[in-house]
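Bear in mind these aren't lab numbers, they're just calculated from the coordinates by the rules spelled out. None of these values were measured; they are calculated from a predicted model. Don't worry about glycine lacking a Cβ; one is built from the backbone with ideal geometry, like all the others, and counts go over all protein chains shown.
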């Protein structure tokens, strides 16, 4: 009887261990966490409005994710966005950063146009040309209150 009980406890223990390993794997993959840190470099951009953009939002070039928004802070009257970009993704000083929305009411992300006519953008560099996202709530509010031109 003790051998059967020990075998059952072993099987249950293995099942629980495998379940915990799968849960940890999914947490890392779905949370898009960098376990080993990865090789990233930072660039910044200033937007007139970063409404709806959050730290951790994706950064894309041609629809391919190349990094994440690291932080967003207020610098005077503009939003200062720090972006972590994967090494090997070349950006130039004539790059353009735009805040876009996935779908009509989807998540916000930063879309980059890499440029190419200027000097390479170094780690810690600044993207000068930016386009803030379209604020749907503000447009609806203007329409409702009759302020649309």
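Run the simple label-point estimate for residue 87 and residue 64 please: 7 Å along Cα→C-beta, distance reported in nm.
Each label point lies 7 Å from its Cα, and together they span 1.8 nm.
For residue 16 paired with residue 104, estimate the spin-label separation in nm (one decimal), with each label point 7 Å from Cα along the Cα-to-Cβ line.
Result for the modelled spin labels: 4.8 nm.
Sorting check: for 52-63, 69-80, which peptide has the highest mean count of neighbouring beta carbons within 10 Å, and how do the rest follow? Present the calculation step by step, with values, prior to reporting the outcome.
Numbers: 52-63: 15.4, 69-80: 13.6.
Descending packing order for the listed peptides: 52-63, 69-80.
Calculate how steeply helix 2-31 sits against the longest principal axis of the alpha-carbon atoms of the chain, using the helix alpha-carbon long axis, and give the answer as 0 to 90 degrees to the nearest 10.
The angle comes out near 10 degrees.
Taking mean projected area of the Cα convex hull in nm² as the quantity of interest, determine which of [x] 17.4; [y] 8.6; [z] 14.8 was computed from the displayed structure.
Of the labelled values, this structure produces [z].
Using a Förster radius of 22 Å, what is the FRET efficiency between residue 75 and residue 140 based on their Cβ-Cβ separation? Nearest 0.05, please.
Values: r = 29 Å, r/R0 = 1.30.
My answer for the efficiency is 0.15.
For the chain, set up a GNM with springs between Cα atoms under 10 Å and report which of 13, 133, 67 has the largest fluctuation.
Evaluated over the chain, the most mobile residue of the options is 13.
Sorted from largest to smallest, which semi-axis lengths in Å does the alpha carbon gyration tensor of region 78-141 give for its equivalent ellipsoid, taking the root of 5 times each eigenvalue?
Values: eigenvalues 136, 28, 22 Å².
So the three semi-axes of region 78-141 are 26, 12, 11 Å.
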